Amino acid sequence: MKIIHCADLHLDSQLTTHLAPKKAQARRAELLANFSRLVEYAWNNKVAAIIIAGDLFDTPIISATARNLVLDNIKKYSQIQFYYLTGNHENDCLTTTLTELPENLHLFSNEWENYYLNPDSNWPIAISGVDLNDPRFQPPLQVPNLSANNFNLVVLHGQISEYGQLTSNENIILKDLVNQKIDYLALGHLHQFQTGKLPPRGIYCYSGCLEGRGFDELGQHGFVELNIDEKNHRWQYQFVPFAQRELYEIKVEITGCQTTSAVLEKIKLELKHQKVPTTALLKIILLGQVSLSSEHDLVQLQNNLKNTYYLVKLVDRSTSQVDYANFTNDISLKGEFVRLLQDDSTLNEQQRAAIIKCGLQALNGEDF
């Protein structure tokens with residue numbers, strides 16, 4: 001039997017931090033379409049259940065479009081069982097307008113809920129969970145008595161801690177879950193895939209988000225697929241990359257570059273070297289030391305790249321290198337300006353060089 005574990009889809013996220021309004025709208029539509037793609041994947045691959053471990057939506061108030069798309073997919077694929085735990089970004093926004101839930105949609109509350117995916121099987125799959133983010137939840141977290149004869153899948157949404165130093169409800173003390181006969185702890189909240197051991201017989205797993213939204217969510221994203229052999233009491237899991245677009249942070253060394261064209265060539269070579277797809281959202285960080293006479297126009301660089309990649313954000317962390325010897329005997333206003341700043345002990349070299357570059361550009365009548 002196959003089960004998908006996903007989390008942190010954050011549907012209906014505004015996405016306006018990095019994207020212009022029209023592109024943000026299009027990107028929101030892509031994220032919604034990803035849910036449909038996920039369910040279609042499950043159907044095509046004979047997946048029996050989809051576990052959503054929190055933050056299906058980004059806010060407590062969602063659009064009718066987002067709500068209807070999710071519910072329509074759940075109803076359409078009625079043979080797939082959906083187990084939905086709300087996270088810290090949402091509440092019961094999916095179900096508040098419904099008088100009757102789809103029969104294949106199963107929810108968790110502030111008290112432990114227990115479901116059986118195949119109760120008559122040789123190895124029953126028990127799915128248990130509790131909503132730690134529900135204000136009615138009363139800590140501490142106490143796992144109910146699980147049968148050693150089941151495959152025990154527990155669903156939680158929160159931040160795990162090794163040492164029990166975290167106090168809010170959504171924080172999960174790992175030691176409280178050891179020796180509880182858990183085979184697979186399906187977690188949501190962290191947006192990168194990661195796993196760890198949960199003695200004596202299980203693992204915990206963050207599936208990560210289905211699609212990255214910001215540059216703190218670099219790399220591959222997707223879901224986890226479990227394959228459970230009920231007859232032989234064996235199981236395995238794999239991470240399945242599923243994102244339509246990935247986010248990249250690319251560092252480009254521009255030391256020695258004198259012109260915008262030279263910097264652009266360096267950027268293109270680095271993007272080619274790292275095999276960045278044109279569908280990517282890119283953050284390019286310029287590094288290195290450049291001379292005062294060099295120029296690299298970020299607007300021009302952006303214009304040269306924006307039609308090739310979905311999104312390009314440029315960050316200039318290069319520093320100017322000042323050769324003070326060139327100004328020692330300069331009797332012009334420029335020379336006096338540089339020597340004055342050279343003797344200013346309140347500035348570090350990076351600040352001094354930046355001010356000198358701006359000042360010289362101003363004296364030359366250039367924009368800066």
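The values are calculated or read from the model by the stated rules, or taken from the named source; none is laboratory data. What you see is a predicted model, and the numbers here were worked out from it, not measured in a lab. Using ideal geometry, Cβ is built from the backbone for each residue, glycine included, and neighbour counts are taken over all protein chains shown.
Among residues of the range 250-265 that are touching a residue at least 12 places away in the same chain (Cβ under 8 Å), those with a Cβ under 8 angstrom from a residue that is exposed (fewer than 13 other Cβ atoms within 10 Å of the Cβ) and among the small types (Gly, Ala, Ser), sequence gap 6+ or separate chain, pair up as Gln258/Ser293.
Conditions tested, residue by residue: (1) basic (Lys, Arg); (2) under 17 Å from the mean Cα position of the chain (by Cα); (3) surrounded by fewer than 23 Cβ atoms within 10 Å (Cβ to Cβ).
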site: His5; (1), (2), (3): no, yes, no
site: Asp8; (1), (2), (3): no, yes, no
site: Lys22; (1), (2), (3): yes, no, yes
site: Leu32; (1), (2), (3): no, yes, yes
site: Ala49; (1), (2), (3): no, no, no
site: Leu56; (1), (2), (3): no, yes, no
site: Arg67; (1), (2), (3): yes, no, yes
site: His89; (1), (2), (3): no, yes, yes
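For the range 309-351, residues that are exposed (fewer than 13 other Cβ atoms within 10 Å of the Cβ) and assigned to a loop (DSSP other than H, G, I, E, B) total 11.
Looking at Asn232, Asn227 in this structure, which one is touching a residue at least 40 places away in the same chain (Cβ under 8 Å), surrounded by fewer than 20 Cβ atoms within 10 Å (Cβ to Cβ) and either in the same structural domain as His157 (by TED's automatic domain parsing) or in contact with a helix residue (DSSP H, G or I) (Cβ under 6 Å, 6 or more places away or on another chain) (or both)?
Going through Asn232, Asn227 in turn, the sole match is Asn227.
Quick one: in the range 332-359, which of the residues that are in contact with a helix residue (DSSP H, G or I) (Cβ under 8 Å, 6 or more places away or on another chain) and under 15 Å from Val290 (Cα atoms) is modelled with the highest pLDDT? The extreme case among them is Ile355.
Looking at (1) at pLDDT below 95; (2) basic (Lys, Arg); (3) touching a Lys or Arg at 6+ places or on another chain (Cβ under 6 Å), which is the one condition that is false for Lys306? Among (1) at pLDDT below 95; (2) basic (Lys, Arg); (3) touching a Lys or Arg at 6+ places or on another chain (Cβ under 6 Å), the lone unmet condition for Lys306 is (3). Checking every residue in the range 93-101 against the condition of being at pLDDT 95 or above and crowded, with 18+ Cβ neighbours inside 10 Å gives zero matches.
Would you mind stating whether Val263 is over 30 Å from Arg28 (Cβ atoms), modelled with pLDDT of 95 or more and not in a loop (DSSP other than H, G, I, E, B)? Yes; evaluated as a whole, the condition is true for this residue.
The set of residues in the range 306-337 that are under 30 Å from Glu30 (Cβ atoms) and in contact (Cβ under 8 Å) with a residue 40 or more places away in the chain comprises Tyr310, Leu311, Lys313. With respect to the stated conditions, Thr278 is of a type in the set (Val, Ile, Thr), under 27 Å from the mean Cα position of the chain (by Cα) and outside any helix (DSSP H, G or I). Within the range 123-180, the only residue that satisfies the criterion of being at pLDDT 90 or above, loosely packed, with under 11 Cβ neighbours inside 10 Å and not polar (S, T, N, Q) is Ala148.
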